[in-house]
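These notes are about the structure you will find just below.
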Amino acid sequence: MTQMKAIVKTETSFGASLKRVPVPTPGPGEVLVKIMATAICGTDVHVYEWNKWAQGAVKSLPRVMGHEFSGEVLELGEGVKNLIKGDRVAGETHIPCGKCYQCKNGLQHICANMVLFSIDSDGCFAQYTVIPEICARKIPEDIPWEHGAMMEPLGTSVRAAQEVVPAGANAAVIGAGPIGLGAVTALKALGAARIIVSDISDDRLSIAAEVGATHLLNPLKEDVTAKVMEITSGVGTDSFIDASGSVRAISEGFRYLRKGGRVALVGLPSEPISLELGPQVIFKEAKIIGIHGRKMFETWTVMENLMAGGLLELDPIVSHILPLEDFEKGFSLLKEGKGCKIILDPWQEGQLPTLQE
Ligand SMILES: NC(=O)c1ccc[n+]([C@@H]2O[C@H](COP(=O)([O-])OP(=O)(O)OC[C@H]3O[C@@H](n4cnc5c(N)ncnc54)[C@H](O)[C@@H]3O)[C@@H](O)[C@H]2O)c1
Ligand SMILES: [Zn+2]
Ligand SMILES: [Zn+2]
């Protein structure tokens, strides 16, 4: 085992290639993981397409792509204390420094010197990867590999759902992509009464219904605010989670949010957003929180408990499981809006071997 298959970003242009590269060696404090399942995320699409964000964020190439994974610990680097060979793990993407103010005060997920797995280091669209011990989260035996590979994005959704205090409440979720859908199932698991989901795609809305949405709204077809007011008897929602990044939809959310309501912002708008602070935030006493990933590791614990209790509906969110070789198909499906969560299996032989040395 000296060589492995990996999807590598080599050029500062569109695309990536399937290559044979050396299996990485774990350094001090790192572990070598055999990847059992890995998932494509919007961030990977940015890097694949080499958009403006990727050009600024990825400092050097070549880079093995991919950051969402589950797998088995194969080798321990020097000084690794908390994992043993054979442990089943899922990847946490936020690599904390352990030394800054945030790290010393329980906020290591927003470390001031945060290094991002797969952006600042090689990632996991491969048969093996190396990751710092702290970011290899040991997961329970009964979590299937596919679900394990979804835990990193799902943790962001679970966190957003927790932050809006869902029990017994009427919550709205804007955007039914993998993040919004994860928020829907988490809201349901945490006891939300009504879960109103809006998306411009009817296909995505139908997945939302499968994972727990009680009301589906398509802003291209109906007046979302009017419908929300009808559903909530004129009060407005107790909260909304944005998982769309749509400036228009976020602004509308502040209109149908009830006074004293909570907002969790997860989606990344591509442009600044303006709010009328008086009516939409101050007099409303809106409580707004930005969400950047998962708390390390309180969110992981809650997520694992919910998964162990069978409370999260994850299978409808997975649209495809493809061999690593079919990565181009995976990226196209996402681009065409035909896929949702796409999982890559590094050990299944594919149909399109374009392996390069
Ligand atoms: N803050 C974080 O830590 C974090 C982590 C992961 C992803 N994100 C961001 O979260 C967002 C969602 O991620 P995803 O992977 O689910 O993306 P996605 O693109 O698959 O999903 C976004 C969904 O929003 C829908 N949408 C677009 N315009 C809309 C509108 N006006 N009203 C309602 N829905 C609308 C789209 O149809 C799509 O289904 C992205 O902006 C992503 O960058 C943030
Ligand atoms: Zn991701
Ligand atoms: Zn730090």
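The values are calculated or read from the model by the stated rules, or taken from the named source; none is laboratory data. Keep in mind the model is a prediction, meaning the values are calculated, not measured. Here Cβ is always computed from backbone atoms with ideal geometry, including for glycine, and neighbour counts include all displayed protein chains. Note: accessible area is taken over every heavy atom of the protein model, side chains too, but ligands, DNA and RNA are not part of it. Shrake-Rupley method; radii C 1.70, N 1.55, O 1.52, S 1.80 Å.
At a probe radius of 1.4 angstrom, the accessible area of the chain per residue rounds to 44 square angstrom. Summing charges over all other residues whose Cβ lies under 11 Å from the Cβ of Cys124, with Lys and Arg as +1 and Asp and Glu as -1, gives -3. Taking the accessible area of the chain, probe 1.4 Å, and keeping the other protein chains in place, the carbon and sulfur fraction comes to 52%.
Applying 1/(1 + (r/R0)^6) with R0 = 41 Å to the Cβ-Cβ distance of Trp347 and Glu285 gives a FRET efficiency near 0.20. Report summary: the helix-based calculation at 222 nm, which adds -39500 (n - 2.57) for every DSSP H run with n ≥ 4 and divides by the residues of the chain, gives -7500 deg cm²/dmol. Rounded to the nearest 5, the antiparallel percentage of DSSP beta bridges internal to the chain is 55%. For the residue pairs Lys138/Lys295; Lys138/Lys188; Lys9/Lys52, alpha carbon separations beyond 23 Å are given by Lys138/Lys188.
Of Ala286, Ala37, Ala161, the residue with the greatest mean-square motion in the GNM of the chain, using alpha carbon springs below 10 Å, is Ala286. In terms of the mean number of neighbouring beta-carbon atoms within 10 Å, the peptides 169-179, 221-231 order highest first as 169-179, 221-231.
Here's the picture: charge each Lys and Arg Cβ at +1 and each Asp and Glu Cβ at -1 in the chain, and of Thr299, Ile200, Pro323 the one pushed furthest to the positive end of that dipole is Thr299. So for segment 157-290, averaging the separation of alpha carbon pairs under 8 Å that are six or more residues apart and normalising by length, what relative contact order in percent results? The value is 23 percent.
Rounded to 0.05, the FRET efficiency of the Ile200 and Glu78 pair, given R0 = 51 Å and the Cβ-Cβ distance, is 0.50. Of interest is the spacing of the C-alpha centroids, which for segment 1-55 and segment 183-216 amounts to 32 Å. Report the calculated FRET efficiency for Glu271 and Glu49 (r = Cβ-Cβ distance, R0 = 22 Å), to the nearest 0.05. Calculated transfer efficiency: 0.75. Packing, as the average of other Cβ atoms within 10 Å across residues, places the peptides 125-131, 270-276 in the order 125-131, 270-276, highest first. Using +1 at the Cβ of each Lys and Arg and -1 at the Cβ of each Asp and Glu in the chain, identify which of Tyr128, Met36, Gly91 lies farthest towards the dipole's positive end. Result: Gly91, furthest along the dipole toward the positive end. Neighbours of Met150, meaning other residues whose beta-carbon lies under 12 angstrom from its beta-carbon, give a summed charge of -4 when Lys and Arg score +1 and Asp and Glu score -1.
Placing unit charges on the Cβ atoms only, positive for Lys and Arg and negative for Asp and Glu, gives segment 157-290 a dipole magnitude near 360 debye about its Cα centre.
Magnitude of the charge dipole for the chain, about its Cα centre and with charges confined to Cβ atoms of Lys, Arg (+1) and Asp, Glu (-1), is about 880 debye. The overall shape of segment 151-206 is oblate: from the C-alpha gyration tensor, with semi-axes ordered a ≥ b ≥ c, the ratio a/c is 1.5 or greater and a/b is no larger than b/c. With 0.36 nm allotted per residue and the present C-alpha distance subtracted, the Asp120-Glu210 stretch has 28.8 nm of extension available. For Val115, the residues 5 or more places off, or on other chains, whose built amide H falls under 5 Å of its own are Ile95.
The listed peptides 90-98, 62-70, ordered by packing as a protection proxy, come out as 62-70, 90-98 (highest mean of other Cβ atoms within 10 Å first). Shape index of the chain: Rg/Rh, with Rg the Cα radius of gyration and Rh the Kirkwood radius from the inverse mean 1/r over Cα pairs, equals 0.98. Full extension of the chain between Ser13 and Leu311 yields a length gain of 103.1 nm, computed as 0.36 nm times the residue separation minus the alpha carbon distance. Rounded if a/c is under 1.5, else prolate if a/b beats b/c, else oblate: with a ≥ b ≥ c from the C-alpha gyration tensor eigenvalues square-rooted, which is segment 1-139? In terms of gyration-tensor shape, oblate. Does segment 157-290 come out rounded, prolate or oblate, given a ≥ b ≥ c as the square roots of the eigenvalues of its C-alpha gyration tensor, rounded meaning a/c under 1.5 and, failing that, prolate meaning a/b above b/c? Rounded.
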